[in-house]
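Right, one structure below, let's go through it.
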Amino acid sequence: MQGNHLPPDPRRGTPAAKPTAHPHSWAVAGAALGPGGDAPTGPGADAKQRLRARLLSQRRTSLALRLQSCSPADAAVLATRILQIPEVADARCIAAYVGLPGEPDLADLLPRLVARGARVLLPVLRADLDLDFREYVGTLVPGALGTREPPAAAPPGELSEAEAVIIPALAVDRAGRRLGRGGGSYDRALRRVTPDVPVIAVLYDQELLDLVPTEEHDRGVQIIVTPSRTLRCEPTDGTGEHLGPSTS
């Protein structure tokens, strides 16, 4: 969403020109330009950049220690949790992503969705950092900035067709405020998603925070999935106080 989730979040490159950058250069590009292409300013942007840098460093350290982005057991648990979400179980078209190194791995999820008869759309990063989508047909090729994406010959798709949207994140709080990698790709893309379509963020347990700083353009999520829990985001009273429990 951050995992194929990245504006950093996002993912995927244009078929004509795919830069061969290290995956973490995605974060560098995002730090240099905000979601609208302008340099980010203000206390909210500063707080997000500091938090983003800390979380990316944490993921890099974890990746180095584990020698893999996500264990097969964790990947299987994440896939099962996502498949048990009623909105996903009922969806005929689902937008998902392929994780970058260090992100929660959804490799186990994609074939299971297809086996259920769902049409799965995966992001392709455009030159302007917005996202196009192509149908997952079982094959992935290298994309921009270390991502993987469906080949150019795969059927195109529109995010507006998706009945559930699964995205990566660096951090989310219980109110659904999400921090991505900084490029604004999902903030742009999610404008094409209607309010009744659930947006599901996938992240590690330690990345569920009490409060995530946001700016006006940031798009929130309705459901959070980690290896140990699934949560529906809670409304707040405007001060950050949560109005009810939401853990399952």
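The values are calculated or read from the model by the stated rules, or taken from the named source; none is laboratory data. On a predicted model such as this, the values are computed, not experimentally measured, just so you know. Heads up, the Cβs are rebuilt from the backbone with ideal geometry, glycines too, and the neighbour counts pull from every protein chain shown. These area figures cover heavy atoms from the full protein model, side chains too; ligands, DNA and RNA do not enter into them. Shrake-Rupley method; radii C 1.70, N 1.55, O 1.52, S 1.80 Å.
Out of curiosity, is THR214 modelled with pLDDT under 90, outside any helix (DSSP H, G or I) and either polar (S, T, N, Q) or closer than 18 Å to GLU163 by Cα (or both)? Here the answer is yes, as THR214 does meet what is asked. Inside region 145-193, residues that are in contact with a Ser or Thr (Cβ under 7 Å, 6 or more places away or on another chain) and assigned to a helix (DSSP H, G or I) make up a count of 2. One residue stands out among those in region 87-115 that are assigned to a helix (DSSP H, G or I) and open to solvent by 10 Å² or more (accessible area, probe 1.4 Å): the one that is nearest to ASP196 (Cα to Cα), which is GLU87. Among the residues of region 181-193, is any open to solvent by less than 60 Å² (accessible area, probe 1.4 Å), under 21 Å from ASP130 (Cβ atoms) and of a type in the set (Asp, Glu)? Yes, the conditions are met somewhere in region 181-193.
Inside region 144-172, residues that are within 30 Å of VAL212 (Cα to Cα), surrounded by fewer than 24 Cβ atoms within 10 Å (Cβ to Cβ) and in contact with a strand residue (DSSP E or B) (Cβ under 7 Å, 6 or more places away or on another chain) make up a count of 5.
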